[in-house]
Structures are given as structure tokens and as C-alpha cells.
Amino acid sequence: MTTVDHYKANLRDIFFQLFEVLEVQSNVLGKAPFDTMDEDTARTALEGFLEVMQTSWTPTFADGDRVEARFDGKGNVKLPPSFHKALDAYYSGGWNKLELPEHLGGFGAPPSVQWSAFELMAGANPSICFYVLGNVMVRIIDELGTDAQKQRYVKKMLDEHWGATMVLTEPSAGSDVGAGTMKATHVKGDEYLLEGVKRFITNGDYDHPKNIVHMVLARPEGAGPGTKGLSLFIVPKLWVEEDGSLGARNGAVVTNVEHKMGLKASATCELTLGDGAPCRGLLLGEVHTGIAQMFQVIEYARMGVGTKSMATMSTAYLNALEYTRVRKQGADLAKAADKTAPRVEIIRHPDVRRMLMLQKAFAEGLRAMVMWTANVQDKVALAGGHGKEAALQLEALNDLLLPLIKGYGSEKVYDLLAISLQCYGGSGYCQDYPIEQYIR
């Protein structure tokens, strides 16, 4: 067991949830808009995807902690070389299509299958997951953008695998998003100039894609206070001309990268807009409904954090299980008084078994919660999608579940990873085993 081959997936339980508990093969697959995917296709896709994750992403896990993402102080972030190979394998195999609808050239997989794939990504190397956020943002622009904005961005983002970010937080506006002060000044049409500083921007810069599209919440001049006064803007790293070609460097520049406890190769950035060079952006959809638009991205992020937490718990449990099956220490409890009794594997000790069963129960229970919520999202799509009358109750249920997925899942997993570490004793604190990196 090493950090190089650390990831232990539980595809058996994923398939159990998909096809035996939720029965997506009869309730979801084969029905519009998922009418081209059947059970065999879904199984084969996830099996193939896991193989790519195991061979291309899992070996990069340790690099994410030891090589890290490097900031040059001039607005540029360099990823570990192994991350480039992992992203190349993901895109060259067309695996980004798992997250895309058919009309964008994707597989047309339902959310339940998409989130199953996301678990495999997050388990293999969570630092890489949000470097592929362009898959999500291109769907947002395709759904909410004007025809001109779609023509300008969608094809290029898909063909060239551009990156993307969600840009909400400011130094003085964290959880209180409505306190944001980033200013947007109208220029003409849908074009604005943006000024201000954003903080904690995941993957605000990295050197793999040709371009990065920042989706930025800002307050247009004259807009009211609170979240209702915020609008959402498409702000590219390199300006995108009307014909889709790349222009000059835009004035959205990374000015700092946080030094974090964990996920060190996921660049958490300070992004400064309009300082030294104009920062140009397009008002998404030419409507001032920024917080409602951004919530489609926030929903993805909440689900992503919860799924990542569950994926880490699952592989932590399976690694601990393997370790306790081979590590010998102490005699069997029934022979504890016999000093000549043979040493036994620690999985035979009752308290170790208790710790393992606790991890297993929550790993599989959290997966069930994630998958059930993903299936609610399946049903939203089957009912016509966001905002459709037939889907409103399902959307309300999804809105209720997402904070539980993120909040309860991440907090509970953090506690449980400490228990997982205890299965290793002192060895759990060493880099020989992945648990010390999991818990960070």
C-alpha cells in the first residue's frame, strides 16, 4: 500500500445504488433527455472511466501534496507535470463527455451516472477535479447566455477544453455574499468593466488550458444592496473576440495563492480585476439575475464537496481495512493472558472492528444519500428541467438536500478520517500511507 496506488474504488456499491436501489435502468435511462443511454452503456462507461482514473489520476495524488501548484508572483500558476498528463488522458479519451448533454456532443448521461463518475475522480485525486470545471460552465453559458455569447464561447470551450472558475467570495464578503462590493461599469451592449478583488477562487489560474473563463458576481453601478443587486459576468483570462478568436490578456489577474493545509495542488487564488489593466466582461444573458444564475453553479459545488468527502471516506475505509488485515499486533483477546499466544492481525481485535464498521456504515450511507439526491436531479431533468412547473417540488427537495450533502457530509467525514487514521496507529501519521493526506 502506497500513496501512488492509494485509490480503492467501490464500484460494486455504486452499481448497487444505481441499478438495485434506484433502478435507474427502468426509471431514468432510455427516457428523454437520457434516451440514448441504457444500463450496459452506463456500466461500461463507468468501468472504463475507473480504469482511466486508476492509471492516470491515482498516481498523481502524492504529487498534489509534495510538488504542489506553483505561483510565479506574476499572475501565473504552474501545475505539477503529472497533472498535465492526467488532464490530457481525461480529455483525449473524451471522458469530459460524461458531463455533457447530447446537444453539446456529450454522452447524455443523467446526474446519477455523472455523480458516480465524479466520485471516481474525487477519490483518485480531488485536486484535479475542479480543473475540469469548464464542463459545467459551458453548460451554464449554453443555457443562460445570449445567442451571441453562446456563439462566442461554447464551441471554443468544448473544442479546446478551456478551464473555468466560479468567482463569488471577497475579502470582506465570505458567507455573506450580498456584502460584495466588486463594481461593474457599463460600457456598451453586454460589455462591462469590472473592478475589485475576489478571494478563495478555486483554480483561478493554471497552465493547462488555452484560456480560463471566470464567472464573476459583481454589482453594476446604481444596483441595489444585497444579493439581488448582483449580476453575473463572463470574464475570460484572454479576451474572446466576437468571432471566438483569442485577443489580448484581460485585466483579471491572480495576485496571490493561498498556502493551505491540504489540496495543495488545487490553486486557491486571490483574483484582482481592473488593477493596472481594464477587466472586460459580458453580462450573462444580458439580464441582472446574477445570484439566481450563480446558484446553478453553487448547487454543483455543494454536491461536489459532499461527493468528494464521501469518496475520500470510502477509499480511507478500504485502505484501513486492507492494513488491518495484514498488520499483526497483540494476541487474540480471548488469549490475552497467555504470553505465548501468537500475534494476530489487528482486524481480529474488537475495537478495531468497531472502528472499521463505523467507517463502512458512513461511507456507504453517505454514498446512498449522494446517489438518492442525484436521482432527484434525474427526476428534475425528466420533468422538464429547472424552472418547469412539473419539476418545482423536486427542485425544492434538491435545494433541501444539497446543504446536507455538503455540510453534514464534509463535517462527518473529517471526524471519521481521524478514526480511520487510528487503525494505523503511529504509522498513519507517515507519508507511507495515504490517510495523513486524506485527513488534510
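Observations on the model:
- Phi-based couplings in Hz for segment 367-377 (Karplus 6.51, -1.76, 1.60; Gly and Pro marked x): 4, 4, 5, 4, 5, 5, 5, 4, 5, 4, 5
- Qualifying lysines (Cα of each under 28 Å from Cα of LYS228; at least 8 residues distant if same chain): LYS150, LYS183, LYS188, LYS198, LYS237, LYS388, LYS406
- What the phi angles of segment 344-351 give under the Karplus curve with 6.51, -1.76 and 1.60, with θ = phi - 60°, is a coupling list of 10, 4, 5, 5, 7, 7, x, 6 Hz, glycine and proline written as x.
- Residue range of the chain that is longest and free of GluC sites (Glu not before Pro) which are both DSSP loop and sparsely packed (at most 16 other C-beta within 10 Å): 259-440
- Inter-centroid distance (Cα atoms) of segment 178-225 relative to segment 244-299, Å: 6 Å
- Residues in segment 368-411 that a label on ASN27 would reach, taking backbone N under 12 Å of a point 7 Å out along Cα→Cβ: 371-380
- Helix-only mean residue ellipticity at 222 nm for the chain, each DSSP H run of n ≥ 4 adding -39500 (n - 2.57), per residue, nearest 500: -13000 deg cm²/dmol
- Spin-label zone in segment 2-23 - amide nitrogen under 12 Å from a point set 7 Å from the Cα of GLU39 along the C-beta vector: 16, 18-23
- Against the chain, whose longest principal axis comes from its Cα atoms, helix 81-92 is set at around 70 degrees.
- Distance between segment 75-101 and segment 400-440 - C-alpha centres, whole angstrom: 26 Å
- Loop-resident trypsin sites (Lys or Arg not before Pro) (DSSP state other than H, G, I, E or B) in segment 197-237 with no more than 15 further Cβ atoms inside 10 Å of their Cβ: LYS210.
- Cα-based values for the chain, radius of gyration first and Dmax second, are 23.0, 86 Å.
- Ratio of Rg to Rh for segment 163-288: 0.96 [Cα atoms; Kirkwood radius as inverse mean 1/r over pairs].
- Among the trypsin sites (Lys or Arg not before Pro) found in segment 339-413, those both in a DSSP coil and sparsely packed, with 16 or fewer other Cβ atoms within 10 Å of their Cβ, are LYS339, LYS388.
- Relative contact order, whole percent, for the chain stands at 17, derived from Cα pairs under 8 Å and 6 or more residues apart.
- Annotation: average projected area of segment 11-142 is 8.9 square nanometres, based on the convex hull of Cα atoms across all directions.
- Extension gain, GLU47-ALA396: 0.36 nm per intervening residue step, less the Cα-Cα distance, totals 122.4 nm.
- Computed extension gain for GLU221 through ALA277, at 0.36 nm per residue and net of the alpha carbon distance, reaches 18.2 nm.
- Shape call, segment 123-200: gyration tensor on alpha carbons, a/c limit 1.5: oblate
- Dimensionless Rg ratio for segment 293-438, taking C-alpha atoms and the 2.2 N^0.38 Å reference: 1.40
- Length gained when the stretch GLU143-TYR414 is fully extended (0.36 nm per residue, less Cα-Cα span): 94.0 nm
- Rounded to the nearest 20 debye, the dipole magnitude of segment 1-51 is 140 debye, with +1 charges on Lys and Arg beta carbons, -1 on Asp and Glu beta carbons, and the Cα centre as origin.
- Model label sites at ALA337 and LYS388, defined 7 Å from Cα along the beta-carbon direction, differ in position by 7.1 nm.
- Computed FRET value (nearest 0.05) for ARG70 with CYS430, which takes r as the C-beta separation and R₀ as 22 Å: 0.30
- A Förster radius of 35 Å combined with the Cβ-Cβ distance from GLU322 to GLU258 puts the calculated FRET efficiency at roughly 0.55.
- Near the amide H of VAL257, within less than 5 Å, lie the amide hydrogens of GLU270, all on another chain or at least 5 residues away, with H placed in the peptide plane.
- Of LEU271, ASN96, GLY73, farthest towards positive along the dipole that unit charges on Lys, Arg, Asp, Glu beta carbons give the chain: GLY73
- 3J(HN,Hα) from dihedral phi, segment 313-322, Karplus parametrisation 6.51/-1.76/1.60, rounded to Hz, x for glycine, proline: 4, 5, 6, 4, 4, 5, 5, 5, 4, 4
Only the coordinates and a few stated rules stand behind these numbers; no lab work does. Please read all numbers here as calculations on a predicted model, not as lab measurements. Neighbour counts run over all protein chains shown; Cβ positions are idealised from the backbone, glycine included.
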